[in-house]
Amino acid sequence: MVVLSEDDGGVRILTLNRPERLNAWTAEMGRRYFDLLEEADRDPSVRAIVVTGAGKGFCAGADFADLTAIQSGDYTDEQDPRPNTFPTTLRTPVVAAVNGACAGLGMVHALVCDVVVTADDAKWTTAFSRRGLVAEWGLGWILPRLAGQARAMDLLLSGRVFTGAEACAMGLAVRAVPGERLLAEAVAYAKELATQCSPASMAIIKRQIWGGWQAGLDEARDEAVRLMMESFRRPDFAEGVASFLERRPPDFPPLT
């Protein structure tokens, strides 16, 4: 299988599995990955998702065999209707564990996850300008919002390689850790989301953040007030308060 799936408590771990190609992206991998994301998002037992790569890479970008076929006009694989920003539309939080090479389209797939944890020595690069390409799949929109315009310009224009430690310092990841601890730390973080946080709250917060970057402050504030009034009427609010006062773990209902 080009993407593996396993459960660890309330966490679904998806592993891009073409290690001999540093998990370079193919249409087959994309379909399998998105299918598994959809499956996890529908499963009430899954409260958080972790995405990582097998072997030494997270995802080294589009597979060069596909790029060569596109260049020659021989590429025939059908395009998946789900865009590469698909993870942003899920209700379930997605945590990227960037274990190694994270380049081009692979960098897109890391940054459309909700939270990124990276190995401190992972090699990151946008790569596009060095292949005669442009900032793909919304990366020219996402990067300035995460790292600021000056850093986004640097990374996209130069296509230079930088480390996970620098990615974290620029705001592309929340944590940079030694590679041997990466998956354990990412799963531990995801388990905290799965056990301590309301699935309904996390789904709405995802929508507020990914859908709110185009809104002005007044519009975002008014929408937050409306959503907050709705949250007061959900059982999650009662359970969140009760579990805090009773000093016990919360028992939030699953998404339906």
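The values are calculated or read from the model by the stated rules, or taken from the named source; none is laboratory data. Being a predicted model, the structure only gives us computed values, none of them experimental. Quick reminder, even Gly has a Cβ in these numbers, built from the backbone with ideal geometry, and neighbours come from all protein chains shown. Remember, those area values only see protein heavy atoms, side chains included, never the ligands or the DNA or RNA. Shrake-Rupley method; radii C 1.70, N 1.55, O 1.52, S 1.80 Å.
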- Query: Restricting to segment 14-37, what's the tally of residues that are of a type in the set (Val, Ile, Thr) and touching a helix residue (DSSP H, G or I) at 6+ places or on another chain (Cβ under 7 Å)?
  - Reply: 1
- Query: Can you find a residue in segment 172-181 that is of a type in the set (A, V, I, L, M, F, W, C) and more than 29 Å from residue 252 (Cβ to Cβ)?
  - Reply: yes
- Query: Applying the selection to segment 145-159, what residues are open to solvent by less than 40 Å² (accessible area, probe 1.4 Å) and more than 17 Å from residue 116 (Cβ to Cβ)?
  - Reply: 156, 158, 159
- The condition of being part of a helix (DSSP H, G or I) and closer than 21 Å to residue 197 by Cα holds, among 28, 38, only for 38
- Task: Please tell me if residue 207 is surrounded by 13 or more Cβ atoms within 10 Å (Cβ to Cβ) and within 26 Å of residue 40 (Cβ to Cβ).
- Result: yes
- Query: Given (1) under 13 Å from the mean Cα position of the chain (by Cα); (2) in a helix (DSSP H, G or I), where does residue 95 come up short, assuming only one miss?
  - Reply: (2)
- Message: If I go through segment 102-144 residue by residue, how many of them are open to solvent by less than 10 Å² (accessible area, probe 1.4 Å) and either among the acidic types (Asp, Glu) or in contact with a His (Cβ under 7 Å, 6 or more places away or on another chain) (or both)?
- Response: 0
- Message: I want to confirm something. Restricting to segment 160-187 and keeping residues that are among the hydrophobic types (A, V, I, L, M, F, W, C) and open to solvent by 60 Å² or more (accessible area, probe 1.4 Å), which single residue is farthest from residue 12 (Cα to Cα)?
- Response: 161
- Message: Which pairs turn up if I take residues in segment 1-28 that are open to solvent by less than 70 Å² (accessible area, probe 1.4 Å) and look for partners that are at pLDDT below 95 and assigned to a strand (DSSP E or B) with beta carbon separation below 6 Å, at least 6 apart in sequence or on another chain?
- Response: 25/62
